[in-house]
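The values are calculated or read from the model by the stated rules, or taken from the named source; none is laboratory data. These numbers come from a predicted model, not from an experiment. Backbone-built Cβ (ideal geometry, glycine too); neighbour counts: all protein chains shown.
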Amino acid sequence: MAVLHPMRIRADALPLAERMFNLWTLAALMLAFAAVLIAPAFAQGSAPARRGVIEILLEWTPTLAGGFGFNVLISILSMAIGTVLGVLLGVLQVSPLRPVRSIAWLVTQFFRNSPWLVLLFYCILLIPFQIEIFGTTIPFPGWIKAIIGLSLPVMAYMSEYMRGAILSIPTGQWESAESLGFTRSQIMTNVILPQTVKRVLPSWMNLYAVLTMATPLVSIIGVSDVMTLTRAALSAEGRVDLLIPMYLYILSWFFIYCYPISAVTRLLERKYSVNT
Amino acid sequence: MTWTQEQPIVSLKDVHKSFGTVKVLRGVSLDVMKGEVICIIGPSGSGKSTLIRCINALNDIQSGSITVEGLEVNDAKLDKLALRKKVGMVFQQYNLFPHKTVLQNVMMAPIKVLRQNRNDVEQRARALIAKVRLEGKEGAYPGELSGGQQQRVAIARSLAMNPDVMLFDEVTAALDPETVKEVLTTIKDLAADGMTCILVTHEMGFAREIADCVYFTDRGVIVESGPPATFFDNAQDPRTQQFLSQIL
């Protein structure tokens, strides 16, 4: 994890202020790009009956923002569930018991090498829409199934990161803790896992950014996320010239949300690769 | 079997140990009495480190017997916690917990393993840190300390468990020459207090000064042993003579 990438470090060796400046430059570039795309729409929209593209975008913004908020919510919950399960699975992957290790490895590999969309479909089909426990009915709406579906690959990736991080802790840590009388599980929770946090953090944040960008997949299985709402807005307006600006608008939201995360991730990677 | 102070506190009898097909220990026997300080010297690869790692069951052995205060170490049903309460160990690479402060490093095992009262442990930990001459460094992280300072914290951390025997595995081998002395002084203080110490070391001057008995190992066996005066000045075995002539 803490591998030195000489080329990368050079590129990343910019002070934070400059990196932030880069962010704004990119954002400005995107806006300019958007303007170029929207301009023809203005030319067409000069007839009095037709509203301007920007006007329409602004009108739909509250609805779309609600949808985007839902995407963020799904990403946060999937990440939380996937992280907890992934840490457990990663710990099991280095278990001294061979059968436990093998099963954890198999589960990890299975979910790490499955397409996210297929996993989503699987969850929709396999999980019942409600479960009855002692007379109480617990509903399972689509968005909860989506969260479960997305948390599975997160779990698998996290499991691999944890396995790598645990194995990268020097054996001397195990030996010295062992000779102080700690049991294996005490060593894991008190000595090893706390030290894996900073090793796993950059990959974990990167995974979160990837997950967030994958959340529009849930629109395919009927969850009212930003993509579903965008499509609904587009069909309500029924205007072809809206297609590109509107999708670009949504794209820019994801960019603005995810870019800072990956920027900070690279910053952390640089920091920890130099002084582990 | 109950152990009495007249019997050896650590006793090895015909210990054999191999890693795969490589025989590292080929019949090692030695006895250490309570309060004794013994130094194990020898060329690298002669099995010195393996020998002392076997004493606290970090390595298992193939045959023979190791007892610590009468407790048989070479036993599948060994109560490892009971053994580790008796035996403290300090490593060449210090192996402090980097995410904990000096004070936390010293306090962790008594609190988590022995479940002792936090306030009592803290009081004792502060006293131990003072004993290894590191007052004022309680809040520092290991990464902020020199090698010699880290090694002294490691000694304090081990002492916090109140062991009866201390094992030192080449504890000065990774240190800068100027910090070696401070660690050796700490060990000397310990020995003066009556702690049973088993050291693997390359510091011949130190071994001569502190040891009650020096053991020379080569290719998995103890070639020669004796009090430092006779050992260093009047070695009998040609292998010992050759080794000493190379380093003295």
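Within segment B:60-86, residues that are touching a residue at least 40 places away in the same chain (Cβ under 8 Å) and within 13 Å of chain A (Cβ to nearest Cβ) have Cβ atoms under 9 Å from residues that are assigned to a loop (DSSP other than H, G, I, E, B) and aromatic (Phe, Trp, Tyr) in these pairs: B:68/B:3; B:84/A:182, counting only partners at least 6 apart in sequence or on another chain.
Conditions (1) outside any helix (DSSP H, G or I); (2) touching a Cys at 6+ places or on another chain (Cβ under 9 Å), marked per residue:
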residue	(1), (2)
B:182	no, no
B:188	no, no
B:191	no, yes
B:215	yes, yes
B:231	no, yes
B:240	no, no
B:243	no, no
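Reported count of residues in segment B:93-132, each being at the interface with chain A (Cβ under 9 Å from one of its Cβ atoms) and either in a strand (DSSP E or B) or under 30 Å from residue B:176 (Cα atoms) (or both), is 10. For segment B:157-175, the set of residues classified as over 20 Å from residue B:204 (Cα atoms), surrounded by fewer than 24 Cβ atoms within 10 Å (Cβ to Cβ) and over 12 Å from the mean Cα position of the chain (by Cα) consists of B:161, B:162, listed by residue number.
If we scan segment B:26-39, do we find a residue that is at pLDDT 95 or above, within 24 Å of residue B:187 (Cα to Cα), in contact with a Ser or Thr (Cβ under 7 Å, 6 or more places away or on another chain) and crowded, with 23+ Cβ neighbours inside 10 Å? Yes, there is a match, as at least one residue in segment B:26-39 is at pLDDT 95 or above, within 24 Å of residue B:187 (Cα to Cα), in contact with a Ser or Thr (Cβ under 7 Å, 6 or more places away or on another chain) and crowded, with 23+ Cβ neighbours inside 10 Å. Which condition number does residue B:115 fail, the rest of (1) farther than 23 Å from residue B:240 by Cα; (2) touching a residue at least 40 places away in the same chain (Cβ under 8 Å) being met? In the conditions (1) farther than 23 Å from residue B:240 by Cα; (2) touching a residue at least 40 places away in the same chain (Cβ under 8 Å), residue B:115 misses (2) alone.
Among all positions in segment A:192-212, there is no residue which is more than 17 Å from the chain's Cα centre (by Cα), within 26 Å of residue A:69 (Cα to Cα) and of a type in the set (A, V, I, L, M).
If we keep just the residues of segment B:65-85 that are of a type in the set (Gly, Ala, Ser) and assigned to a loop (DSSP other than H, G, I, E, B), which is surrounded by the fewest Cβ atoms within 10 Å (Cβ to Cβ)?
So, considering only residues that are of a type in the set (Gly, Ala, Ser) and assigned to a loop (DSSP other than H, G, I, E, B), the one surrounded by the fewest Cβ atoms within 10 Å (Cβ to Cβ) is B:76.
Scan segment A:216-229 and tell me whether some residue there is buried (at least 19 other Cβ atoms within 10 Å of the Cβ) and among the small types (Gly, Ala, Ser). Among the residues of segment A:216-229, at least one is buried (at least 19 other Cβ atoms within 10 Å of the Cβ) and among the small types (Gly, Ala, Ser), which makes the answer yes.
Residue-wise test of (1) surrounded by 16 or more Cβ atoms within 10 Å (Cβ to Cβ); (2) aliphatic (A, V, I, L, M); (3) on the phi > 0 side of the Ramachandran plot.
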{"position": "A:66", "(1), (2), (3)": "no, no, no"}
{"position": "A:92", "(1), (2), (3)": "yes, yes, no"}
{"position": "A:98", "(1), (2), (3)": "no, no, no"}
{"position": "A:110", "(1), (2), (3)": "no, no, no"}
{"position": "A:148", "(1), (2), (3)": "yes, yes, no"}
{"position": "A:157", "(1), (2), (3)": "yes, no, no"}
{"position": "A:161", "(1), (2), (3)": "yes, no, no"}
{"position": "A:170", "(1), (2), (3)": "no, no, no"}
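Going by what's in this entry, would residue A:178 be described as buried (at least 18 other Cβ atoms within 10 Å of the Cβ) and within 14 Å of chain B (Cβ to nearest Cβ)? Yes, satisfied. A count restricted to segment A:140-160 and to residues that are of a type in the set (Phe, Trp, Tyr) and in contact with a Leu (Cβ under 8 Å, 6 or more places away or on another chain) stands at 1. Can you find even one residue in segment A:168-175 that is touching a helix residue (DSSP H, G or I) at 6+ places or on another chain (Cβ under 9 Å), of a type in the set (D, E, K, R), away from chain B (no Cβ under 14 Å) and in a helix (DSSP H, G or I)? Looking for residues that are touching a helix residue (DSSP H, G or I) at 6+ places or on another chain (Cβ under 9 Å), of a type in the set (D, E, K, R), away from chain B (no Cβ under 14 Å) and in a helix (DSSP H, G or I), one finds none in segment A:168-175, hence no. Identification of strands (runs of 3 or more DSSP E) wholly contained in segment B:1-55 with 2 or more residues that are on the phi < 0 side of the Ramachandran plot and not hydrophobic (A, V, I, L, M, F, W, C) yields B:10-19, B:22-32.
Determine if segment B:30-51 includes at least one residue that is within 18 Å of residue B:87 (Cβ to Cβ) and in contact with a His (Cβ under 9 Å, 6 or more places away or on another chain). Checked against the condition, which is being within 18 Å of residue B:87 (Cβ to Cβ) and in contact with a His (Cβ under 9 Å, 6 or more places away or on another chain), segment B:30-51 yields no hits at all.
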